[in-house]
Amino acid sequence: MRSGNPAFKESTFLDLGSGAVVSRDGGAMTLAGTSNKTGLLLLLAVLTGSWSWSQAFGADGTVNPNIGLYLWGGLLTGFALALATIFKKTWAPVTAPLYALAQGVFLGAISAMYDARFNGIVMQAVLLTMGTLFAMLFAYRSGMIKATENFKMGVVAATGGIALVYLATIVLGFFNIQIPLIHESGIIGIGFSLFVVVIAAMNLVLDFDFIENGVDQGAPKYMEWYGAFGLMVTLVWLYLEFLRLLSKLQSR
């Protein structure tokens, strides 16, 4: 059961020692429960995102110079909570909502920065993200897209390649070296962003399949929170990639 999402891996629903399904107390994981918790995480992110957005602009409408504190504070806190959730899945009922709150602060700040430069881009990215989520869910549930083993291998390989490109970008950035073309607003840069958006969307299919497998295997109730958290990770990535793509298009 492969997934490009770091929160979802082959051992997620299994006991590493025996290979048996993890023991459960107080009920089993359900699709309805996971869907409800995903909705709650999105709501929490919207609430803190709205607050962070309101702090991003001063009384004169200019961007608050301290917005970087909200951006980096939310990003690093969310990253720490994500690691805690991945390595200690039983904490998910607590860490997943906290992760959503932290990511909301980060997303509100970075969205304000994008909107200050490209007016209206945030609403477009939100609509595209939600539209993609429901379109991929429909395609998965209707059988139009099936999470076969070859499909999973292809998506995971492409996701890993994208991760390496972004890691190289960060490392080279410390030496003031920029990877040419792919991060610019030219044809190659737009094409790269389109490719990344498609791969992020394909990861949603893998996430749906992994959650469904957890339900079928009778995973414990707290895994609903973990499944919602993993789906949230992909949605955050997809939203950021839509922002990047739309900003490149508007720069032209």
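The values are calculated or read from the model by the stated rules, or taken from the named source; none is laboratory data. Quantities reported herein were computed from a predicted structural model and do not represent experimental measurements. Cβ sites come from the backbone with ideal geometry, for glycine too, and all protein chains shown count toward neighbours. Keep in mind that these areas ignore ligands, DNA and RNA; they rest on the heavy atoms of the full protein, side chains included. Shrake-Rupley method; radii C 1.70, N 1.55, O 1.52, S 1.80 Å.
Scan segment 224-234 for residues that are within 24 Å of MET153 (Cα to Cα) and either at pLDDT below 90 or open to solvent by less than 10 Å² (accessible area, probe 1.4 Å) (or both) and the total you get is 7.
For the residues SER23, SER11, SER50, the requirement of being modelled with pLDDT of 90 or more and more than 15 Å from the chain's Cα centre (by Cα) singles out SER50. Among the residues of segment 98-114, is any free of Cβ contacts under 8 Å to residues at least 40 places away in the same chain, within 16 Å of LEU243 (Cβ to Cβ) and crowded, with 18+ Cβ neighbours inside 10 Å? For segment 98-114, residues free of Cβ contacts under 8 Å to residues at least 40 places away in the same chain, within 16 Å of LEU243 (Cβ to Cβ) and crowded, with 18+ Cβ neighbours inside 10 Å: absent. You will find that of PHE106, PHE79, PHE87, PHE134, the residue that is among the hydrophobic types (A, V, I, L, M, F, W, C) and over 17 Å from the mean Cα position of the chain (by Cα) is PHE87 and no other.
Tell me whether segment 97-109 contains one or more residues that are among the hydrophobic types (A, V, I, L, M, F, W, C) and touching a Pro at 6+ places or on another chain (Cβ under 9 Å). Looking for residues that are among the hydrophobic types (A, V, I, L, M, F, W, C) and touching a Pro at 6+ places or on another chain (Cβ under 9 Å), one finds none in segment 97-109, hence no. Cβ-Cβ contacts under 9 Å between residues 6 or more apart (or on different chains), taken from a first residue in segment 162-181 that is polar (S, T, N, Q) to a second residue that is open to solvent by 50 Å² or more (accessible area, probe 1.4 Å) and part of a loop (DSSP other than H, G, I, E, B), are listed as THR169/GLN178; THR169/HIS183; GLN178/GLU184. Of the residues making up segment 52-67, one or more are assigned to a helix (DSSP H, G or I), of a type in the set (A, V, I, L, M), within 20 Å of TYR239 (Cα to Cα) and touching a residue at least 40 places away in the same chain (Cβ under 8 Å).
For TYR140, the stated conditions do not hold, so it cannot be described as surrounded by 14 or more Cβ atoms within 10 Å (Cβ to Cβ), touching a Pro at 6+ places or on another chain (Cβ under 9 Å), in contact (Cβ under 8 Å) with a residue 24 or more places away in the chain and under 29 Å from THR95 (Cα atoms). Of all residues in segment 212-223, those being without any contact (Cβ under 8 Å) to a residue 24 or more places away in the chain and either over 26 Å from GLY143 (Cβ atoms) or surrounded by 19 or more Cβ atoms within 10 Å (Cβ to Cβ) (or both) number 0. Entry remark, segment 168-211: residues being surrounded by fewer than 19 Cβ atoms within 10 Å (Cβ to Cβ) and either under 23 Å from the mean Cα position of the chain (by Cα) or at negative phi (or both) number 24 in total.
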